[in-house]
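Report on the structure given below.
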Amino acid sequence: MNLKEKQLSSDKIYSGRIISLFNDKIELPDKREAYREYVKHPGGICVVPVTDDNEVLLVRQYRYPYGEEVVEIPAGKRDSREEDTLIGGKRELKEELGITADRFVFLGEFYPTPGYTDEVIYMYAAFGLHFGAPSPDDDEFVLPEKYHIDTLVDMILKGEIKDGKTQAAVLKTKILLDKKSL
């Protein structure tokens, strides 16, 4: 059975600085019609910065939609869908933590919420870290934190790290480190 849904029409409901909201009329695989509300997003990049001692540098920041502080790896949105994801990853790492790195390893793509957005987050691990001064965006307030990767994995398994991209990227990095594939 072909599962593809066909777009019949599209109505842009809202357009903001980061997201646009659409309501599309679609044709289901069985030819019935339905509607899909979804968010268009330029995508994001995240980086797991790993020291020579297998410590990971993260940021703690207040996330307004959840009303709480969240610990996560450095991340941000792409400037556009055409932006090279590695360039974006290097920018976010430098902005949030003041870090540059000798080597980046692509960890894959992450679909954070495929039920209602087309956002794709591109995940990287960074090695050979060099430390400088961070330069966060004007509206960005972050506190750096550092954990050994084994401690971080335990925190993920205990539910202390709730951010999905951080969970996926850190666990992938740990597996690749254990396999000596990095």
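The values are calculated or read from the model by the stated rules, or taken from the named source; none is laboratory data. Not measured: the values here are computed from a predicted model. Neighbour counts run over all protein chains shown; Cβ positions are idealised from the backbone, glycine included.
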Scan the strands (runs of 3 or more DSSP E) fully inside the stretch 76-157 and keep the ones with 2 or more residues being within 30 Å of residue 24 (Cβ to Cβ), under 12 Å from the mean Cα position of the chain (by Cα) and at pLDDT 95 or above.
99-110, 121-131
Do we have any residue at all in the stretch 27-48 that's modelled with pLDDT of 95 or more, of a type in the set (Asp, Glu) and touching a Ser or Thr at 6+ places or on another chain (Cβ under 9 Å)?
no
Single residue of the stretch 147-182 satisfying the filter (of a type outside the set (Gly, Ala, Ser) and touching a Cys at 6+ places or on another chain (Cβ under 8 Å)) that is surrounded by the fewest Cβ atoms within 10 Å (Cβ to Cβ):
165
Touching a Phe, Trp or Tyr at 6+ places or on another chain (Cβ under 6 Å) and of a type outside the set (A, V, I, L, M, F, W, C): which single residue out of 165, 146 fits that description?
165
For the stretch 82-124, what are the residues that are exposed (fewer than 14 other Cβ atoms within 10 Å of the Cβ) and farther than 19 Å from residue 39 by Cα?
84, 87, 102, 103, 106, 108
In this structure, does residue 66 turn out to be among the aromatic types (Phe, Trp, Tyr) and surrounded by fewer than 16 Cβ atoms within 10 Å (Cβ to Cβ)?
yes
